[in-house]
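Take a look at the structure set out below.
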Amino acid sequence: MDLLVNNAAIFRKVDFYEINNSLLDEFINTNLKSVIISTVEAAKIMKDNKDKPCKIINIASLGGIQNWSGYIPYSISKAGVIKFTYLSAKRLAPDILINCISPGTINIDKSDSTRDNVDNYPMKRFCDIDDIKNLIKFLIMNNNYITGNNFI
C-alpha cells in the first residue's frame with residue numbers, strides 16, 4: 001500500500017488590515033499548495049500500484065469550516081484543503097482513497113490553559129493527539145471504502 005499524510009500548516013492570528021500578498025502566499029503555499037502538489041505527485045506513483053487501495057489523508061482544520069475572523073488566511077487555506085480533498089477523491093477513486101481530518105482545539109500540552117471553554121464542545125473536552133492518531137490509523141489500516149470525507 002502507498003500512503004501520504006499531508007500535515008503542513010502555519011497557524012497564527014492575523015489582523016485583517018495586515019493581510020497582503022506576501023502573507024497570503026505564505027499561508028496558501030504552506031497550507032494548501034503543498035497539499036495539492038504532494039497529492040498530485042503521490043497520485044502519479046500510486047495510480048500504478050497493484051496493491052490497492054492507496055490512501056491519502058489531509059489534515060485540515062475546523063478553521064476551514066467555521067468563521068474564524070482573526071485567522072482569515074489560515075481559514076481560507078484550510079477550506080481549500082477540504083475542497084481539494086472532495087474534488088481529488090472524486091477524481092482518483094476507486095484506486096486512491098482520499099480523506100480529510102479537521103480537528104478543532106487540540107490538547108497538546110495537558111497542562112496548557114486555553115482560551116476555549118470545553119463546555120462549548122459536544123464531548124466536553126478538547127481533541128487529544130491520540131484521537132487524531134487513532135483516526136489516521138483507522139483510515140490507513142481498516143478503511144478500504146471511505147473516500148471524499150472530512151472528519152470533524
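The values are calculated or read from the model by the stated rules, or taken from the named source; none is laboratory data. Note that the structure is a prediction, hence the values are computed from the model and not measured. Note: ideal-geometry Cβ built from the backbone for every residue, glycine included; neighbour counts use all protein chains shown. The area values use the complete protein model at the heavy-atom level, side chains included, leaving out ligands, DNA and RNA. Shrake-Rupley method; radii C 1.70, N 1.55, O 1.52, S 1.80 Å.
Counting only residues that are surrounded by fewer than 17 Cβ atoms within 10 Å (Cβ to Cβ) and assigned to a helix (DSSP H, G or I), the stretch 136-152 holds 4 of them. When Gly70, Gly63 are checked against the criterion of being more than 19 Å from the chain's Cα centre (by Cα) and within 24 Å of Thr105 (Cα to Cα), a single residue qualifies: Gly70.
Determine which single condition Phe126 fails, assuming it passes every other condition in (1) at pLDDT below 95; (2) open to solvent by less than 30 Å² (accessible area, probe 1.4 Å); (3) in contact with a Ser or Thr (Cβ under 7 Å, 6 or more places away or on another chain). Status for Phe126: all satisfied but (2).
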